[in-house]
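See below for the structure under consideration.
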Amino acid sequence: MPTTAFSAHYSRELDVEQLGWLLSGDRPGDDQATVADLSQWAGWIRTDIRCSSCGKTGAQVVRPSKARGSQAVLRQAHFRFVDHQGGDGHHPFCEFYGNDTGEARQTDSLLNFGSEKSAETRAVRLLVCKGIETGLFNQATIRAMRQWFFDMKSESRFKVRATPEALAWARSLQRHPSYRRWTFHPAQAEMPAFDWQAAAKFQFTEENLALVELAKTVVHQDAEWKRAGLMAAKHFGQEVFNTAALQPYYEDTLTLCAFVAKNSGISFGKTSPDYYRFQGAPIPLLALCALMLFTSEWEMNTAIAKFARLLASAEPSDLSLGNMIGLNPFHDYAAWRLVILAAEVAERSLKGFDYQAQLTAIESDLRRQHAIWKSAG
């Protein structure tokens with residue numbers, strides 16, 4: 001459920017509030033957040049408004065909703081795309097495909113519609129409008145970036161082969177403690193409080209070091225592993241976008257995000273910029289930094305210089321120029337990387353995928369070695 005979409009008539013990407021301003025000609029004050037009733041333009045919206053990712057039409061406006069008896073926002077205004085049969089209107093390879101279900105949450109998109117973040121939307125809208133008005137980029141640039149990302153992912157595909165067992169195995173390997181190395185000798189077990197389980201884990205490291213190191217090349221939080229499992233199950237055996245093709249661009253964008261968050265004087269959330277590489281950057285910031293790098297031909301210092309100009313520029317005179325907060329160019333990047341990683345690890349695993357069973361077997365073997373050593377002594 002994207003929060004912004006592209007208007008062919010206005011030649012710009014708009015959020016629902018901005019579209020309402022343009023259609024009704026009525027703009028509230030800057031301190032208000034009002035979405036006009038657009039039902040009279042429903043037919044026009046269906047044919048004019050396009051998904052910012054896949055370009056499909058069939059848009060409907062979903063108005064915001066608030067909790068009864070309070071001002072708490074349960075759902076932010078957004079667009080929903082449906083086909084003529086009432087089904088999902090997105091391209092099957094679009095990142096929004098399968099998400100236009102009316103649910104309150106859209107995973108890995110820019111906003112959690114179950115919480116109020118419209119202030120964040122307006123903050124990024126302000127920066128985008130400033131950038132357009134000062135000529136740092138324009139709607140054509142934003143649209144070109146969307147197409148560039150879509151084309152790159154379309155040209156690189158892979159077949160989903162990771163099973164739930166393979167994902168669980170890769171996750172266990174990633175979490176396996178391998179920072180200390182230790183070689184077992186039966187004499188060690190003569191200690192009165194010898195830790196057999198720890199010894200088994202040390203031995204597991206020695207026997208599976210290459211696999212453990214491979215699993216640790218892509219580190220993400222539990223939420224991403226859960227998302228990876230859902231996606232692998234949903235698309236098993238199917239060809240999907242190989243988002244790993246975006247890795248160098250994702251790494252550069254994270255680097256710029258961390259720099260901007262540390263040096264812009266703007267708060268982009270509670271997550272420390274030092275943890276962006278592990279927990280991910282705030283999605284609005286990620287999208288804006290990707291745009292800056294795209295317009296700079298992915299040259300870091302050029303993008304930083306443009307960001308400095310953007311932050312120093314005057315307030316825009318027109319807040320309806322556009323908003324690109326509604327699409328994460330690296331949608332589900334982390335989860336797909338884990339799906340690919342799990343398949344790679346599985347191919348190299350010759351003893352199965354049961355982590356605990358292997359530890360148990362190793363411990364039994366160490367105890368056997370100790371018994372033989374002791375009986376021989």
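The values are calculated or read from the model by the stated rules, or taken from the named source; none is laboratory data. What you are looking at is a predicted structure, and each value in this text was computed from that prediction instead of being measured. Glycine also receives a Cβ, built like all others from the backbone with ideal geometry; neighbour counts cover every protein chain displayed.
Structure values in brief
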| item | result |
| --- | --- |
| Boolean, Ala314 is surrounded by fewer than 18 Cβ atoms within 10 Å (Cβ to Cβ), among the small types (Gly, Ala, Ser) and touching a residue at least 12 places away in the same chain (Cβ under 8 Å) | yes |
| Residue check, Asp222 out of contact with any Lys or Arg (no Cβ under 6 Å at 6 or more places or on another chain) and at pLDDT 95 or above | no |
| Residues within segment 173-203 that are surrounded by 17 or more Cβ atoms within 10 Å (Cβ to Cβ) and farther than 30 Å from Phe93 by Cα, tallied | 11 |
| Selection count where residues are in contact with an Asp or Glu (Cβ under 8 Å, 6 or more places away or on another chain) and not in a helix (DSSP H, G or I), scope segment 161-186 | 3 |
| Residue list for segment 222-276, restricted to those being of a type in the set (S, T, N, Q), touching a Leu at 6+ places or on another chain (Cβ under 8 Å) and part of a helix (DSSP H, G or I) | Thr253 |
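One line per residue, one yes/no per condition, for (1) closer than 29 Å to Ala77 by Cβ; (2) in contact with a Phe, Trp or Tyr (Cβ under 9 Å, 6 or more places away or on another chain); (3) of a type in the set (Val, Ile, Thr); (4) surrounded by fewer than 20 Cβ atoms within 10 Å (Cβ to Cβ):
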| position | (1), (2), (3), (4) |
| --- | --- |
| Ala287 | yes, yes, no, no |
| Ser320 | yes, yes, no, yes |
| His331 | yes, yes, no, no |
| Ser349 | no, yes, no, yes |
| Gln369 | no, yes, no, yes |
